[in-house]
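Down below is the structure, laid out as structure tokens.
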Protein chains: 2
Amino acid sequence: MDAPPIAAVGKLIGDPTRALMLAALMDGRARTATELAVEAGVGRATASSHLARLTERGLLCVASQGRHRYFRLASDEVASMLESLMVFGAATPVAARVRRTTPEREARTCYDHLAGRLGVGLLDGLQRKGCLVLSTSGVTLSTAGRDLLCHHGIEVDTLARRRRPLARLCLDWSERRNHLAGGLGAALLDLLLTRGWVRGRDCTRAVTVTRAGRRALNVEFGVDV
Amino acid sequence: MDAPPIAAVGKLIGDPTRALMLAALMDGRARTATELAVEAGVGRATASSHLARLTERGLLCVASQGRHRYFRLASDEVASMLESLMVFGAATPVAARVRRTTPEREARTCYDHLAGRLGVGLLDGLQRKGCLVLSTSGVTLSTAGRDLLCHHGIEVDTLARRRRPLARLCLDWSERRNHLAGGLGAALLDLLLTRGWVRGRDCTRAVTVTRAGRRALNVEFGVDV
DNA sequence: TCCATGATTCGATCCTCGTCGAAGTATTTT
DNA sequence: AAAATACTTCGACGAGGATCGAATCATGGA
């Protein structure tokens, strides 16, 4: 009658303070222990103990820089798992049906890549253009896709050599469809931001598509925003 | 500073008793409140309150039959979400690396379909044979696939008319790759069991492939067990 | 070397929530 | 009708754990 493994993870995520920390880190950026303490509205001592437990369980990883300790999500698999929780997080099924379309549903970041309608659309568009081929073990980049992305300055070959998978799928809580994660997903968000095609809002994970972005995304990646 | 939605779901799964109930229901079968109380090692009153909360949140659904109330997972999306939690459930990353291959990793059921190496292999095989085509919104069945499954007595057209999606992907905690869920996944497990190609062990979710099954799976579905 | 700042550890406190027994409701059986 | 079974609601109890302040450790700058 011993508690199954999911209980431990659930308990970890179930605490409001830890959940706030995880939610804050969903944008993929690293934060110091004090920053997270403030964001969760809790004392430094409390935050420290929470962060230690999250790290120990493999949900977070930590990098010491000087006297600061920067915490971030351990991988985009963690982000993916958290997103899958949000499917049930919102409310009762009844309330979920009458839910409004929020900006977050339109376009947002998930860890370090795009999600929401835009994220799903991007994966769709790239697939229709024959740039991405979905297979069982995930998504793979076609030669055409490689050329397109290289043309936009993304160093695909460098990314491919990393330990991190080049392309992964992540189930979207708002669309209930997949969007593109992995190194490629991160590189694409990077590209869209530097080109000024999408603009991030500082406090939330929501992003907006610029007028130029709308056109460019359609022409380049076949996205119908 | 209000608690994010994931906290509520986490807290729900985080309780050992509720986790035991969910784990028990992962095989997809429905159980009465009393059965679940026994399986979780807890009184009837306690079980009842837990089941009410799980149902309210949309993780379980309930069907009243006479004086019995049968609880089961609300959908295979719940099973999919629980599997994604197990990726982090096992232990610390260090311990996870030296982990043995258990029977559960070889082949098991997840809700009402196959998972583990066999589940992943089945999806692989069907894809290689051109029976399934992976697309962004999920998997779709090709004409060739429809013919093959009908030939084995699966009433594909009937399944397609149901509200439940015909084919869905579910991330495997042991293989970290997708396996086949949805109505088709359920029908295939059914087929394999009635043909005697795999045999379920009663108490656990593990299944074993029979000698005849090994050959048949290879010939019919291109599975390399 | 000394102080300022970031982070962790420890001990004490407080509160949430899981637990059970008893009573109440619903449904089947006799 | 009455008894039996399945389940839920209610009230009270108790343990686990989240929280904080104070003390300690670690790093950087003067």
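The values are calculated or read from the model by the stated rules, or taken from the named source; none is laboratory data. Model, not experiment: these values are computed from the prediction. As a convention, Cβ positions derive from the backbone with ideal geometry for all residues, glycine included, and neighbour counts pool all protein chains shown. Keep in mind that these areas ignore ligands, DNA and RNA; they rest on the heavy atoms of the full protein, side chains included. Shrake-Rupley method; radii C 1.70, N 1.55, O 1.52, S 1.80 Å.
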For the range B:1-10, how many residues meet the condition of being crowded, with 23+ Cβ neighbours inside 10 Å and either without any contact (Cβ under 8 Å) to a residue 12 or more places away in the chain or more than 10 Å from chain A (Cβ to nearest Cβ) (or both)?
-> 3
Restricting the range A:42-71 to residues that are open to solvent by 50 Å² or more (accessible area, probe 1.4 Å) and in contact (Cβ under 8 Å) with a residue 12 or more places away in the chain, which is farthest from DNA strand C (Cβ to nearest atom)?
-> A:ARG57
Return yes when A:ARG211 is under 17 Å from A:GLU106 (Cβ atoms) and of a type in the set (Lys, Arg) and no when it is not.
-> yes
Has the range B:73-90 got any residue that is in a loop (DSSP other than H, G, I, E, B), in contact with a Cys (Cβ under 9 Å, 6 or more places away or on another chain) and among the aliphatic types (A, V, I, L, M)?
-> yes
Going through (1) over 13 Å from the mean Cα position of the chain (by Cα); (2) open to solvent by less than 50 Å² (accessible area, probe 1.4 Å) one by one, A:ARG215 fails only at (2)
Of all residues in the range B:124-172, count the ones that are part of a helix (DSSP H, G or I), in contact with a Phe, Trp or Tyr (Cβ under 9 Å, 6 or more places away or on another chain) and open to solvent by 30 Å² or more (accessible area, probe 1.4 Å).
-> 1
Residues of the range A:1-49 that turn out to be under 19 Å from the mean Cα position of the chain (by Cα) and at positive phi, as a count = 1
All positions within the range B:72-88 that are farther than 15 Å from B:HIS113 by Cα and crowded, with 23+ Cβ neighbours inside 10 Å | B:SER84, B:LEU85, B:PHE88
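Conditions tested, residue by residue: (1) within 9 Å of DNA strand D (Cβ to nearest atom); (2) at the interface with chain A (Cβ under 8 Å from one of its Cβ atoms).
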position	(1), (2)
B:LEU25	no, no
B:GLY43	yes, no
B:SER49	yes, no
B:GLY58	no, yes
B:VAL62	yes, no
B:HIS68	yes, no
B:LEU73	no, no
B:ASP76	no, no
B:SER80	no, yes
Taking B:ILE13 as meeting all but one of (1) within 12 Å of another protein chain (Cβ to nearest Cβ); (2) more than 30 Å from A:ALA37 (Cα to Cα); (3) β-branched (Val, Ile, Thr), write down the number of the exception.
-> (2)
Counting only residues that are outside any helix (DSSP H, G or I) and more than 10 Å from DNA strand C (Cβ to nearest atom), the range A:12-35 contains a total of 5
Taking the stated definitions as given, is A:VAL38 assigned to a helix (DSSP H, G or I), open to solvent by 10 Å² or more (accessible area, probe 1.4 Å) and either hydroxyl-bearing (Ser, Thr, Tyr) or within 13 Å of DNA strand C (Cβ to nearest atom) (or both)?
-> yes
